[in-house]
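Trainee: Here it is, the structure, as C-alpha coordinates.
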Amino acid sequence: MGSLEPSLDTLSEPVTGPEAGSVQPQLARPRANGRWTGRKQFSLLIVRGDGSRVVRFNVPRPAALAAIAGIAVAITTFFTLLGDWVQLRKLTFEARTFQQQIAEQQATIDSFNRRVVELRREMAGWRELHARIWEPFGPELQPGGRDRAIGGAALRADSKSGRLSPRDELEGLAENVAEQGESLKALDRLVTRAGKALAALPSRWPVRGAVNSEYGMRQSPWSQGTEFHSGIDIRSQHGTPVRAPAAGSVTVAGTYQEYGITVILDHGQDIKSLYGHLSRLNVKPGERIERGAVVGWSGNTGRSTGAHLHYEIMVKGQAVNPRAYLWD
(Lines give C-alpha, C1' and ligand atoms only; values in the text may rest on other atoms or scores of the structure.)
Protein backbone atom coordinates (compact mmCIF):
# COMPACT_ATOMS: atom_id res chain seq x y z
CA MET A 1 0.00 0.00 0.00
CA GLY A 2 1.14 3.65 -0.40
CA SER A 3 2.16 5.72 2.59
CA LEU A 4 -0.69 6.87 4.82
CA GLU A 5 -0.15 9.49 7.51
CA PRO A 6 -2.26 8.56 10.46
CA SER A 7 -4.68 11.16 11.71
CA LEU A 8 -5.43 9.26 14.91
CA ASP A 9 -3.49 7.03 17.29
CA THR A 10 -0.45 5.31 15.61
CA LEU A 11 1.54 2.29 16.75
CA SER A 12 5.21 1.97 15.72
CA GLU A 13 5.50 -1.70 16.54
CA PRO A 14 4.35 -4.38 14.13
CA VAL A 15 0.97 -5.75 14.87
CA THR A 16 0.60 -9.43 15.14
CA GLY A 17 -2.63 -10.73 13.82
CA PRO A 18 -4.16 -13.00 11.27
CA GLU A 19 -2.96 -10.94 8.27
CA ALA A 20 -1.37 -7.62 7.65
CA GLY A 21 -3.74 -4.98 6.26
CA SER A 22 -6.77 -6.46 8.01
CA VAL A 23 -9.32 -4.25 9.71
CA GLN A 24 -10.35 -5.39 13.20
CA PRO A 25 -12.72 -3.83 15.68
CA GLN A 26 -11.23 -3.33 19.15
CA LEU A 27 -12.99 -5.29 21.84
CA ALA A 28 -13.82 -3.84 25.21
CA ARG A 29 -11.47 -4.68 28.05
CA PRO A 30 -12.74 -7.16 30.68
CA ARG A 31 -13.58 -5.84 34.10
CA ALA A 32 -11.81 -6.98 37.32
CA ASN A 33 -14.54 -9.34 38.27
CA GLY A 34 -14.16 -11.22 34.92
CA ARG A 35 -17.25 -9.82 33.19
CA TRP A 36 -17.15 -7.92 29.81
CA THR A 37 -18.25 -4.36 29.71
CA GLY A 38 -20.82 -3.23 27.06
CA ARG A 39 -19.49 -1.93 23.77
CA LYS A 40 -19.79 1.84 23.54
CA GLN A 41 -17.77 2.30 20.35
CA PHE A 42 -16.31 0.44 17.41
CA SER A 43 -12.72 0.81 16.16
CA LEU A 44 -11.71 0.57 12.49
CA LEU A 45 -8.06 -0.46 12.03
CA ILE A 46 -6.15 0.07 8.77
CA VAL A 47 -2.76 -1.76 8.61
CA ARG A 48 -0.06 -1.29 5.96
CA GLY A 49 1.19 -4.21 3.99
CA ASP A 50 4.45 -4.51 5.95
CA GLY A 51 2.54 -4.25 9.23
CA SER A 52 4.56 -1.30 10.46
CA ARG A 53 1.79 1.22 10.99
CA VAL A 54 -1.82 1.03 11.92
CA VAL A 55 -4.49 3.68 11.54
CA ARG A 56 -7.45 3.36 13.85
CA PHE A 57 -10.83 5.06 13.54
CA ASN A 58 -13.09 5.04 16.54
CA VAL A 59 -16.77 5.14 15.67
CA PRO A 60 -19.39 5.61 18.38
CA ARG A 61 -21.93 2.85 18.63
CA PRO A 62 -24.97 4.96 17.74
CA ALA A 63 -23.19 6.25 14.64
CA ALA A 64 -22.23 2.72 13.65
CA LEU A 65 -25.75 1.46 14.11
CA ALA A 66 -27.10 4.42 12.18
CA ALA A 67 -24.59 3.73 9.39
CA ILE A 68 -25.58 0.06 9.26
CA ALA A 69 -29.27 1.00 9.22
CA GLY A 70 -28.63 3.56 6.52
CA ILE A 71 -26.76 1.02 4.42
CA ALA A 72 -29.62 -1.46 4.85
CA VAL A 73 -32.18 1.17 3.90
CA ALA A 74 -30.06 2.21 0.93
CA ILE A 75 -29.75 -1.39 -0.27
CA THR A 76 -33.48 -1.95 0.19
CA THR A 77 -34.30 1.28 -1.62
CA PHE A 78 -31.90 0.42 -4.42
CA PHE A 79 -33.45 -2.98 -5.09
CA THR A 80 -36.94 -1.49 -4.81
CA LEU A 81 -36.08 1.20 -7.33
CA LEU A 82 -34.40 -1.42 -9.50
CA GLY A 83 -37.61 -3.48 -9.52
CA ASP A 84 -39.67 -0.39 -10.32
CA TRP A 85 -37.27 0.51 -13.11
CA VAL A 86 -37.56 -2.97 -14.61
CA GLN A 87 -41.36 -2.78 -14.40
CA LEU A 88 -41.29 0.70 -15.93
CA ARG A 89 -39.14 -0.57 -18.81
CA LYS A 90 -41.65 -3.35 -19.43
CA LEU A 91 -44.57 -0.92 -19.34
CA THR A 92 -42.71 1.45 -21.67
CA PHE A 93 -42.18 -1.35 -24.19
CA GLU A 94 -45.83 -2.38 -23.97
CA ALA A 95 -46.88 1.27 -24.32
CA ARG A 96 -44.86 1.58 -27.52
CA THR A 97 -46.50 -1.57 -28.85
CA PHE A 98 -49.96 -0.28 -27.92
CA GLN A 99 -49.16 3.10 -29.44
CA GLN A 100 -48.26 1.46 -32.74
CA GLN A 101 -51.45 -0.62 -32.67
CA ILE A 102 -53.52 2.45 -31.84
CA ALA A 103 -51.91 4.35 -34.72
CA GLU A 104 -52.73 1.51 -37.12
CA GLN A 105 -56.29 1.29 -35.84
CA GLN A 106 -56.68 5.06 -36.13
CA ALA A 107 -55.46 4.93 -39.72
CA THR A 108 -57.99 2.16 -40.41
CA ILE A 109 -60.77 4.18 -38.80
CA ASP A 110 -59.85 7.29 -40.80
CA SER A 111 -59.84 5.30 -44.02
CA PHE A 112 -63.19 3.78 -43.06
CA ASN A 113 -64.66 7.20 -42.33
CA ARG A 114 -63.46 8.56 -45.67
CA ARG A 115 -65.02 5.59 -47.46
CA VAL A 116 -68.30 6.11 -45.59
CA VAL A 117 -68.36 9.76 -46.67
CA GLU A 118 -67.73 8.72 -50.28
CA LEU A 119 -70.54 6.16 -50.11
CA ARG A 120 -72.91 8.75 -48.68
CA ARG A 121 -72.10 11.11 -51.53
CA GLU A 122 -72.67 8.31 -54.03
CA MET A 123 -75.97 7.47 -52.34
CA ALA A 124 -76.97 11.13 -52.64
CA GLY A 125 -76.31 10.86 -56.38
CA TRP A 126 -78.54 7.79 -56.48
CA ARG A 127 -81.29 9.76 -54.79
CA GLU A 128 -81.12 12.40 -57.51
CA LEU A 129 -81.12 9.70 -60.20
CA HIS A 130 -84.17 8.01 -58.67
CA ALA A 131 -85.92 11.37 -58.49
CA ARG A 132 -85.34 11.90 -62.22
CA ILE A 133 -86.59 8.38 -62.98
CA TRP A 134 -89.71 8.81 -60.89
CA GLU A 135 -90.51 12.35 -62.05
CA PRO A 136 -92.35 11.35 -65.27
CA PHE A 137 -94.69 9.09 -63.28
CA GLY A 138 -95.86 11.87 -61.01
CA PRO A 139 -95.76 12.21 -57.23
CA GLU A 140 -98.55 9.71 -56.65
CA LEU A 141 -96.45 6.75 -57.79
CA GLN A 142 -93.22 7.82 -56.12
CA PRO A 143 -92.22 6.08 -52.86
CA GLY A 144 -93.65 8.14 -50.03
CA GLY A 145 -95.38 10.42 -52.51
CA ARG A 146 -98.68 10.26 -50.63
CA ASP A 147 -97.15 11.08 -47.26
CA ARG A 148 -94.54 13.84 -47.17
CA ALA A 149 -94.33 14.22 -43.35
CA ILE A 150 -90.75 14.64 -42.12
CA GLY A 151 -89.03 14.80 -38.73
CA GLY A 152 -86.33 13.26 -36.55
CA ALA A 153 -83.19 14.49 -34.84
CA ALA A 154 -80.28 15.87 -36.80
CA LEU A 155 -77.00 13.97 -36.87
CA ARG A 156 -74.45 15.15 -34.33
CA ALA A 157 -71.26 16.74 -35.59
CA ASP A 158 -67.91 16.48 -33.89
CA SER A 159 -67.41 19.73 -31.93
CA LYS A 160 -63.67 19.77 -32.61
CA SER A 161 -63.45 18.89 -36.29
CA GLY A 162 -66.99 19.81 -37.35
CA ARG A 163 -67.38 16.36 -38.94
CA LEU A 164 -69.93 13.70 -38.10
CA SER A 165 -68.85 11.05 -35.65
CA PRO A 166 -68.20 7.53 -37.07
CA ARG A 167 -71.34 6.24 -35.37
CA ASP A 168 -73.51 8.95 -36.92
CA GLU A 169 -71.84 8.38 -40.29
CA LEU A 170 -72.81 4.70 -40.13
CA GLU A 171 -76.35 5.52 -39.02
CA GLY A 172 -76.74 8.00 -41.86
CA LEU A 173 -75.36 5.52 -44.38
CA ALA A 174 -77.69 2.79 -43.09
CA GLU A 175 -80.67 5.13 -43.45
CA ASN A 176 -79.65 6.03 -47.00
CA VAL A 177 -79.21 2.36 -47.93
CA ALA A 178 -82.64 1.52 -46.51
CA GLU A 179 -84.23 4.46 -48.33
CA GLN A 180 -82.62 3.62 -51.65
CA GLY A 181 -83.50 -0.04 -51.16
CA GLU A 182 -87.18 0.83 -50.79
CA SER A 183 -86.96 3.08 -53.83
CA LEU A 184 -85.37 0.30 -55.89
CA LYS A 185 -88.05 -2.16 -54.79
CA ALA A 186 -90.78 0.27 -55.80
CA LEU A 187 -89.00 0.93 -59.10
CA ASP A 188 -88.72 -2.80 -59.72
CA ARG A 189 -92.48 -3.21 -59.21
CA LEU A 190 -93.14 -0.30 -61.55
CA VAL A 191 -90.77 -1.69 -64.19
CA THR A 192 -92.48 -5.08 -63.95
CA ARG A 193 -95.83 -3.46 -64.53
CA ALA A 194 -94.45 -1.19 -67.22
CA GLY A 195 -92.74 -4.15 -68.88
CA LYS A 196 -96.05 -5.90 -69.24
CA ALA A 197 -97.61 -2.72 -70.61
CA LEU A 198 -94.70 -2.19 -73.04
CA ALA A 199 -94.92 -5.78 -74.20
CA ALA A 200 -98.55 -5.12 -75.09
CA LEU A 201 -97.65 -2.05 -77.17
CA PRO A 202 -97.10 -2.40 -80.95
CA SER A 203 -93.45 -1.34 -80.68
CA ARG A 204 -91.97 -3.60 -83.36
CA TRP A 205 -91.78 -2.87 -87.09
CA PRO A 206 -94.18 -5.20 -88.91
CA VAL A 207 -91.80 -5.26 -91.91
CA ARG A 208 -88.34 -3.84 -92.42
CA GLY A 209 -87.98 -1.20 -95.12
CA ALA A 210 -87.82 2.45 -95.99
CA VAL A 211 -90.84 4.66 -95.36
CA ASN A 212 -92.32 5.89 -98.63
CA SER A 213 -94.92 8.17 -97.02
CA GLU A 214 -95.03 9.50 -93.47
CA TYR A 215 -97.94 10.13 -91.14
CA GLY A 216 -99.72 13.48 -91.58
CA MET A 217 -100.53 15.81 -94.45
CA ARG A 218 -99.06 14.89 -97.82
CA GLN A 219 -99.40 15.49 -101.53
CA SER A 220 -102.18 13.25 -102.78
CA PRO A 221 -100.99 10.62 -105.29
CA TRP A 222 -104.45 10.71 -106.88
CA SER A 223 -105.05 14.44 -107.30
CA GLN A 224 -103.32 17.84 -107.32
CA GLY A 225 -104.30 18.65 -103.71
CA THR A 226 -103.14 17.47 -100.32
CA GLU A 227 -104.65 14.85 -98.06
CA PHE A 228 -104.19 13.49 -94.55
CA HIS A 229 -102.31 10.20 -94.35
CA SER A 230 -103.37 8.30 -91.24
CA GLY A 231 -100.37 5.91 -91.14
CA ILE A 232 -97.00 5.21 -92.76
CA ASP A 233 -96.32 3.36 -96.00
CA ILE A 234 -93.41 0.96 -95.59
CA ARG A 235 -91.63 -0.20 -98.73
CA SER A 236 -91.74 -3.98 -99.13
CA GLN A 237 -91.68 -6.43 -102.00
CA HIS A 238 -94.79 -8.36 -102.92
CA GLY A 239 -95.20 -11.40 -100.64
CA THR A 240 -93.07 -10.11 -97.72
CA PRO A 241 -94.29 -11.64 -94.40
CA VAL A 242 -96.01 -9.08 -92.15
CA ARG A 243 -95.56 -9.84 -88.43
CA ALA A 244 -97.60 -8.67 -85.47
CA PRO A 245 -95.67 -6.07 -83.45
CA ALA A 246 -97.43 -7.18 -80.25
CA ALA A 247 -99.84 -9.80 -79.02
CA GLY A 248 -103.49 -9.15 -79.75
CA SER A 249 -106.83 -10.37 -81.02
CA VAL A 250 -107.85 -10.25 -84.70
CA THR A 251 -110.88 -7.99 -85.14
CA VAL A 252 -110.74 -7.62 -88.93
CA ALA A 253 -109.29 -10.05 -91.48
CA GLY A 254 -110.53 -9.35 -95.00
CA THR A 255 -111.30 -6.53 -97.41
CA TYR A 256 -111.59 -3.24 -95.54
CA GLN A 257 -112.42 0.13 -97.17
CA GLU A 258 -109.74 1.43 -99.59
CA TYR A 259 -107.00 -0.65 -97.86
CA GLY A 260 -107.91 -3.80 -99.78
CA ILE A 261 -107.05 -6.98 -97.89
CA THR A 262 -106.57 -5.76 -94.32
CA VAL A 263 -105.89 -7.08 -90.81
CA ILE A 264 -106.74 -5.13 -87.65
CA LEU A 265 -105.40 -6.29 -84.26
CA ASP A 266 -106.73 -5.22 -80.88
CA HIS A 267 -103.83 -5.05 -78.37
CA GLY A 268 -105.90 -3.94 -75.38
CA GLN A 269 -105.74 -0.65 -73.51
CA ASP A 270 -107.71 0.94 -76.42
CA ILE A 271 -104.78 0.40 -78.84
CA LYS A 272 -105.30 -1.15 -82.28
CA SER A 273 -103.03 -1.64 -85.31
CA LEU A 274 -103.97 -1.85 -88.99
CA TYR A 275 -102.11 -3.59 -91.85
CA GLY A 276 -103.41 -2.67 -95.31
CA HIS A 277 -102.85 -3.58 -98.98
CA LEU A 278 -101.97 -7.21 -98.14
CA SER A 279 -101.77 -9.83 -100.87
CA ARG A 280 -103.21 -12.61 -98.67
CA LEU A 281 -104.09 -13.41 -95.06
CA ASN A 282 -102.73 -15.80 -92.42
CA VAL A 283 -105.22 -15.13 -89.61
CA LYS A 284 -108.97 -15.26 -89.00
CA PRO A 285 -111.29 -12.90 -87.09
CA GLY A 286 -111.43 -13.67 -83.37
CA GLU A 287 -108.06 -15.43 -83.38
CA ARG A 288 -105.55 -14.65 -80.60
CA ILE A 289 -101.99 -14.25 -81.86
CA GLU A 290 -98.64 -13.60 -80.17
CA ARG A 291 -95.97 -11.03 -80.88
CA GLY A 292 -94.05 -11.84 -84.09
CA ALA A 293 -96.74 -14.06 -85.60
CA VAL A 294 -97.29 -13.67 -89.36
CA VAL A 295 -100.67 -12.01 -90.00
CA GLY A 296 -100.34 -11.94 -93.80
CA TRP A 297 -98.13 -11.00 -96.73
CA SER A 298 -97.62 -7.59 -98.29
CA GLY A 299 -99.10 -6.64 -101.65
CA ASN A 300 -100.85 -3.77 -103.43
CA THR A 301 -104.55 -4.56 -103.07
CA GLY A 302 -107.04 -1.72 -102.61
CA ARG A 303 -106.14 1.87 -103.42
CA SER A 304 -102.41 1.48 -103.97
CA THR A 305 -99.81 2.53 -106.53
CA GLY A 306 -97.51 -0.43 -105.84
CA ALA A 307 -96.46 -3.12 -103.41
CA HIS A 308 -96.05 -1.79 -99.88
CA LEU A 309 -97.55 -2.06 -96.40
CA HIS A 310 -99.83 0.60 -94.97
CA TYR A 311 -99.25 0.50 -91.19
CA GLU A 312 -101.53 2.42 -88.87
CA ILE A 313 -102.01 2.68 -85.08
CA MET A 314 -105.27 3.85 -83.50
CA VAL A 315 -105.69 4.91 -79.89
CA LYS A 316 -109.30 5.10 -78.73
CA GLY A 317 -110.36 5.03 -82.39
CA GLN A 318 -108.11 7.95 -83.45
CA ALA A 319 -105.11 7.46 -85.74
CA VAL A 320 -101.75 8.48 -84.21
CA ASN A 321 -98.23 8.61 -85.57
CA PRO A 322 -96.88 5.02 -85.55
CA ARG A 323 -93.32 6.26 -85.12
CA ALA A 324 -94.15 7.18 -81.51
CA TYR A 325 -94.41 3.45 -80.81
CA LEU A 326 -91.69 2.02 -83.04
CA TRP A 327 -88.48 1.43 -81.08
CA ASP A 328 -87.68 -2.21 -81.88
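The values are calculated or read from the model by the stated rules, or taken from the named source; none is laboratory data. Predicted model, so just to flag it, every value in this text is computed and none were measured. Virtual Cβ from ideal backbone geometry, glycine too; neighbours counted across all protein chains shown. The area values use the complete protein model at the heavy-atom level, side chains included, leaving out ligands, DNA and RNA. Shrake-Rupley method; radii C 1.70, N 1.55, O 1.52, S 1.80 Å.
Trainee: Within the range 225-242, which residues are outside any loop (DSSP other than H, G, I, E, B) and either free of Cβ contacts under 8 Å to residues at least 40 places away in the same chain or farther than 17 Å from N300 by Cα (or both)?
Mentor: Those that are outside any loop (DSSP other than H, G, I, E, B) and either free of Cβ contacts under 8 Å to residues at least 40 places away in the same chain or farther than 17 Å from N300 by Cα (or both): T226, E227, F228, H229.
Trainee: So which residues in the range 268-300 are touching a helix residue (DSSP H, G or I) at 6+ places or on another chain (Cβ under 8 Å) and of a type in the set (V, I, T), if there are any at all?
Mentor: I271
Trainee: Would it be correct to say that A178 is hydrophobic (A, V, I, L, M, F, W, C), farther than 22 Å from V295 by Cα and surrounded by fewer than 11 Cβ atoms within 10 Å (Cβ to Cβ)?
Mentor: Criteria met by A178.
Trainee: If you don't mind, another one. Residue under question is S298, and the condition is that it be in a strand (DSSP E or B), within 22 Å of H238 (Cβ to Cβ), open to solvent by less than 30 Å² (accessible area, probe 1.4 Å) and polar (S, T, N, Q); does it hold?
Mentor: Yes, satisfied.
Trainee: Answer yes or no: is there a residue in the range 194-214 that is closer than 30 Å to E122 by Cα and open to solvent by 30 Å² or more (accessible area, probe 1.4 Å).
Mentor: Within the range 194-214, one or more residues are closer than 30 Å to E122 by Cα and open to solvent by 30 Å² or more (accessible area, probe 1.4 Å).
Trainee: Quick one: what pairs do we get from the range 99-114, first residue under 22 Å from G172 (Cα atoms), second surrounded by 10 or more Cβ atoms within 10 Å (Cβ to Cβ), C-beta under 8 Å, 6+ apart or different chains?
Mentor: I109/P166; F112/P166; N113/R163; N113/P166; N113/E169
Trainee: Find the residue count for the range 200-224, including only residues that are without any contact (Cβ under 8 Å) to a residue 60 or more places away in the chain, not in a loop (DSSP other than H, G, I, E, B) and not hydroxyl-bearing (S, T, Y).
Mentor: 4
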